[in-house]
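Below: one structure, written as structure tokens.
The values are calculated or read from the model by the stated rules, or taken from the named source; none is laboratory data. Everything numeric in this text was worked out from a predicted model, so none of it was measured. The area values use the complete protein model at the heavy-atom level, side chains included, leaving out ligands, DNA and RNA. Shrake-Rupley method; radii C 1.70, N 1.55, O 1.52, S 1.80 Å.
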Amino acid sequence: MPSGRGIADMPHYVRYKSLISDTMNTSLNPNPLVRFLGKPQQEFTKADIVKYVKENDIEMINLRYPGADGRLKTLNFIINDEAYLDSILTSGERVDGSSLFPYIEAGASDLYVVPRYRTAFRNPFSEIPAVDILCSYYTKDGTPLEMAPEYTLRKAHEELKKVTGLTYHVMGELEYYVVSPKTDLFLAADQRGYHESTPFNKGAEMRAMAMKYIAEAGGLIKYGHSEVGNFTKGDLMYEQNEIEFLPTNLEDAADQLMVAKWIIRTLADEYGVDVTFAPKITVGKAGSGLHIHTRLMKGEKNAMVMADGSLSENALKAIAGYLYLSPSLTAFGNTNPTSYFRLVPHQEAPTNICWGDRNRSVLVRVPLGWSAGANSMVCDANPLEKPSNFDTSIKQTVEFRCPDGSADIYLLLAGLAVAARHGFEMENGLQYAKDRYVDVNIFDEKHKEVLARLSQLPASCEESAARLKEQRAVYEAHGVFSPRLIDGLVKKLSDYKDANLRKELGNNEDKIMALVKEYFYCG
């Protein structure tokens, strides 16, 4: 078909076939807007939103946007008429930037929030029928706000694509604790909650409902399950859960995680239970991370994997960038003092700057892939099944394991994109990665010489701020991170003055719990 022709210019039978294909591709999509409009979210237009509002009796539009605290903010609009709806969708609205971001001066703080139509979803909680849309920030001149989280992320992806010719896909593992009144029936063994089923997993129903709502809002979910952490304390029961996403375009992945955290919290409120994404909530129990899986894509192909299933040079370069910038990446992914009560030696949370295969104590992990005999397993389990040609290489990712639930999601993912790009810009990137590969238990006394040659992650917010100051030029290169944004983050982290906090508190549970309470709703 000649370039520039649309569906309306196609022969009738071709146009019909295309429309049928689009309908089939959206018929199983959980997002009601996608099903109604018969097109993917990425193709939503203003006219589509207006059509859905008018034909589905929508009465309210909610504009949502991230603040510096990592949480979604909200403006509610009751729809008066079609002209007002059009003005909301076209112009957005003014907001006070100084109340949202501490590094914006009050004297020049007016900003615009303008909706991104592809993020629209039906609000699952509102009694008033409502559509919610995520927004981008713009200045008084109508230009993107340089230090805005979502614009920083967009710039990071654009510069990565320019340098590498590849697109960047990521997905997160969202861990959280559900806190509810203690029951004496069917309690899982302490710290043995991994993949438990009902009735030993009390949060299964709420997790399933959260997955449903997240999927309806456009989230691409891989799976959900209970995690290892569970314990009782006084009259309360703490149970760790996880919802893991599928790899997708960088910007969409960030939006999905933001919406997911809002949905989980709002749902918990409806269930009458508490939820926390805090990195550490008590002494001696599993903390909650936000592991980020990444892959570089060349079209529809995974550019991190060779034909034989081994890692490509692209993957090694990205790993080199992750390792090199990991000390300062903590400034975006580990943002309050309790983060560093999770990042301690001899736990699954990493402290040493290294990478390896399947090893859960390393900072950058290459999870088990599906390269060898993957397509024969299903035939062995199902004798009636015939071998398939499914491309299992698409499932391979590289995992960055130190972030936690306190992370600023947009800035963390932007930082990882910068790190992946920097790995390609490093003259010795391949060797840098190879020198930091480990295939042993680094905490085993037999391998202490391996541990001795590795650098360590920061042990406090203050140290993280210092590492960010040292490496800020890499983030500011190509105009990705605004210098004012870096200055604001350095000040915020330095002001915690927590360099000796872990030593001062020791194992004093009362003092640690007071700290946990202060940051219970982080991120």
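Here are the numbers for the structure shown:
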| quantity | calculated |
| --- | --- |
| Qualifying lysines (Cα of each under 20 Å from Cα of residue 395; at least 8 residues distant if same chain) | 222, 298, 301, 317 |
| Spatially proximal lysines relative to residue 182 (Cα-Cα < 27 Å; intrachain offsets below 8 disregarded) | 202, 212, 233, 261, 280, 285, 511, 517 |
| Kyte-Doolittle mean at least 0.5 and Cα axial length at least 27 Å: DSSP H helices in the chain | 313-333 |
| Evaluated over the stretch 248-404, the Cα radius of gyration and Dmax, each in Å | 18.6, 55 |
| Per residue value of the accessible surface for the chain (all protein chains in place, 1.4 Å probe), Å² | 46 Å² |
| Pair-distance profile P(r), taking every C-alpha pair of the stretch 435-523, with 5 angstrom steps and integer % | 2, 11, 14, 14, 15, 15, 16, 10, 2, 0 |
| The stretch 65-168 - Kirkwood radius from inverse mean 1/r over Cα pairs (Å) | 15.4 Å |
| Cα-based Rg of the stretch 266-328 normalised by 2.2 N^0.38 Å, two decimals | 1.76 |
| Size descriptor, Kirkwood hydrodynamic radius, that averages inverse alpha-carbon separations across the stretch 310-357, Å | 12.2 Å |
| Kirkwood-based Rg to Rh ratio, the stretch 378-512, C-alpha trace | 1.09 |
| Compactness relative to 2.2 N^0.38 Å, alpha carbon Rg of the chain | 1.00 |
| Solvent-accessible area of residue 341 with every protein chain in place, 1.4 Å probe, in Å² to the nearest 10 | 30 Å² |
| Relative contact order [Cα under 8 Å, 6+ residues apart], the chain, whole percent | 15 percent |
| Carbon plus sulfur fraction of accessible area for the chain, probe 1.4 Å, in percent | 51 percent |
| Rg ratio (alpha-carbon, reference 2.2 N^0.38 Å) - the stretch 146-201 | 2.07 |
